[in-house]
Amino acid sequence: MTDLDTFRSETREWLEANCPPEMREPMRSEVDACWGGRNWTFSSEAQRLWLERMVERGWTVPHWPKEYGGAGLSPPEAKVLKEEMARIGARNPLYSFGISMLGPALLKFGSEEQKKRFLPEIARGEIRWCQGYSEPGAGSDLAGLQTKAEDKVDHWLVNGQKVWTSYADKADWIFCLVRTSTESKQGGISFLLFDMATPGVSTRPILLISGNSPFCETFFDDVKVPKDQVVGDVNRGWDVAKYLLGHEREMIAGMLGGAGGTLGAALKPDDPFLRAEIAAFDVDALAFAAMSERFFEMFKAGEAHPASPSMMKYAGTELNKRRHELIMAAGGSDALEWDSERSKNGKAPRDWLRTKANSIEGGTSEIQLNIVAKHILGLRGA
Ligand SMILES: Cc1cc2nc3c(=O)[nH]c(=O)nc-3n(C[C@H](O)[C@H](O)[C@H](O)COP(=O)(O)OP(=O)(O)OC[C@H]3O[C@@H](n4cnc5c(N)ncnc54)[C@H](O)[C@@H]3O)c2cc1C
C-alpha cells in the first residue's frame, strides 16, 4: 500500500464519520452554499458543523501551508481529498473569493504580516471578501481604471467608483485596484485591501435578468485606508491583479466546465436532432474533463502555460452555456415556468439566464481568445 493509498483510506474514513448526511445532499438553493463572513447565518446546524470540522482539519484550504490555516497537502493528496468528497457527494464547506482569488495572491505577493493576518481568517471563513476591479469605464480595459488612492503620509485616501462588484453588499472586506500614479497606465496601479465598514464606502445593488441581485455599484468617498494594506509594491499592483485573475479564471472554469458532467443519462428527448446535440455536448464535456486533468498535471510539473487559465475559462464557460441551452431545449415550454413550486421557483430558466454572464465575468470570452491568440498563436497585435 502506498502512502497515497493510506491517505485515501484515512480520508474516506474521516469523511464518512464527519460529513453530516444533510451535507451530502445536492444543493437546493443559494442558502445551501456557505460563504461565511461576519454576518453569515448558517442555514442549518449541519452546515455550521461541516464548516467547523473542515476548518479544524485545514481542509477548507487543504493545499495551503499549516501555519496559514491549511493542511499542507501535496497536489496528489489534495486531489484524493477532492475525489473522496465527490464520492459521497460532500458539499464544498465554504465558498470564498478569499480562498479562490485573494489567498493565492497573498501567498505569492503578501508580506509575512499580511499572510499571518489575513490567510487564517480566510481559511476559517471569518471574513467575506469582494473584488473591486471593474469600473464603469474599465472592464476589459482594466488598466484604464480611475479610482484614486492618494498618499496622505499616514494613510491612503481612496475616491472613486467600482461596478459589478459581486456580493459587495454582503462582503466584509474588499481587494481593490486603485490608481496611485498617472505616469504609466499599468505601472500606476496598486492592490489595496480594506474593510467595507470603513466610513465613506457605500454600495447599491444591481438587478439581473435572472431576478437576482448578486452584485453592486460600489462607491468610495474619502475612504481612509492604513498604509500597510497595500499588497506587493506600490504602483506594481498590476502584477498582483493579473496573477489573481489567472486563479479567478481557473476557478470559474473548474466550477462551471466541470459542473454536472455529461447530460445524456439525464436528458432523453424524442427529437433525434436534439439527442445528437446532447451526444456532441457529452463528447465535449468529456474532452474538457481530460483537458482539465492534463492542465492539472502540467501545473504540478511546473509546466503550466501562461495562457492555460484563459483556455480553461473560455472552454469551460462556453460549455456551461451550451449545457443550459440543451436543458432548456429538452424541457420544452415547461422549462420556462418561472414561479411555480413544480419548477422549484423557476430553477431551470433562472440558471439558464445566469449562464449568459459566464462568458463576461472574470474577463469576456473575446478577451480570453485575445490572450490565447497572443501567447499561443504569437499574434502580437491581438
Ligand atoms: C456575473 C458577473 C460578476 C462580476 N463580478 C465582478 C466582481 O466581483 N468584481 C469586478 O471587479 N468585476 C466583476 N464583473 C465585471 C467583469 O469583470 C466585466 O464585466 C468584464 O471584464 C467585461 O467588462 P465590461 O462589462 O466593462 O465590458 P466591456 O469591456 O465594455 O466589453 C464590451 C464588449 O466588447 C468586447 N471587447 C472589449 N474589448 C475587446 C477587445 N480588446 N477585443 C475584442 N473584444 C473586446 C467584450 O468582449 C464585450 O463583448 C462581473 C461581471 C459579471 C457579468
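The values are calculated or read from the model by the stated rules, or taken from the named source; none is laboratory data. Computed from a predicted structure; not experimentally measured. Cβ placement follows ideal geometry from the backbone for every residue including glycine, while neighbour counts extend to all protein chains displayed. Accessible surface areas use protein heavy atoms only, side chains included; no ligands, DNA or RNA. Shrake-Rupley method; radii C 1.70, N 1.55, O 1.52, S 1.80 Å.
Considering only segment 29-51, state which residues are closer than 30 Å to P75 by Cβ and exposed (fewer than 15 other Cβ atoms within 10 Å of the Cβ).
Selection gives A33 alone.
Are any residues in segment 74-91 assigned to a loop (DSSP other than H, G, I, E, B) and buried (at least 18 other Cβ atoms within 10 Å of the Cβ), and if so, which ones?
Looking only at segment 74-91, we keep the residues that are assigned to a loop (DSSP other than H, G, I, E, B), and these are 74, 88-91.
A90, R91, listed by residue number.
List every residue pair whose Cβ atoms sit under 6 Å apart, with the two residues 6 or more apart in sequence or on different chains, where the first one lies in segment 123-152 and is open to solvent by less than 10 Å² (accessible area, probe 1.4 Å) and modelled with pLDDT of 95 or more and the second, anywhere, is assigned to a strand (DSSP E or B) and more than 16 Å from the ligand (Cβ to nearest atom).
Final answer for the pair search is A149/W156.
Here's a check for you: in segment 324-363, which residue that is β-branched (V, I, T) and in contact (Cβ under 8 Å) with a residue 24 or more places away in the chain is nearest to the ligand (Cβ to nearest atom)?
T355
Consider T41 against the criteria (1) in a helix (DSSP H, G or I); (2) farther than 18 Å from M251 by Cα; (3) without any contact (Cβ under 8 Å) to a residue 60 or more places away in the chain: it satisfies all of them except one. Which criterion is unmet?
(1)
Quick one: is V225 of a type outside the set (G, A, S), touching a residue at least 40 places away in the same chain (Cβ under 8 Å) and in a loop (DSSP other than H, G, I, E, B)? Full working, then the answer.
Values: of a type outside the set (G, A, S): yes; touching a residue at least 40 places away in the same chain (Cβ under 8 Å): yes; in a loop (DSSP other than H, G, I, E, B): no.
No; evaluated as a whole, the condition is false for this residue.
Which one is nearest to the ligand (Cβ to nearest atom) among residues in segment 127-145 that are under 17 Å from E248 (Cβ atoms) and assigned to a helix (DSSP H, G or I)?
The selected residue is L142.
Determine if segment 220-228 includes at least one residue that is hydrophobic (A, V, I, L, M, F, W, C), in contact with an Asp or Glu (Cβ under 6 Å, 6 or more places away or on another chain) and open to solvent by less than 50 Å² (accessible area, probe 1.4 Å).
Let us first name the residues in segment 220-228 that are hydrophobic (A, V, I, L, M, F, W, C), namely 220, 223, 225.
Applying the additional criterion that residues be in contact with an Asp or Glu (Cβ under 6 Å, 6 or more places away or on another chain) yields none.
So far as segment 220-228 goes, no, none of its residues is hydrophobic (A, V, I, L, M, F, W, C), in contact with an Asp or Glu (Cβ under 6 Å, 6 or more places away or on another chain) and open to solvent by less than 50 Å² (accessible area, probe 1.4 Å).
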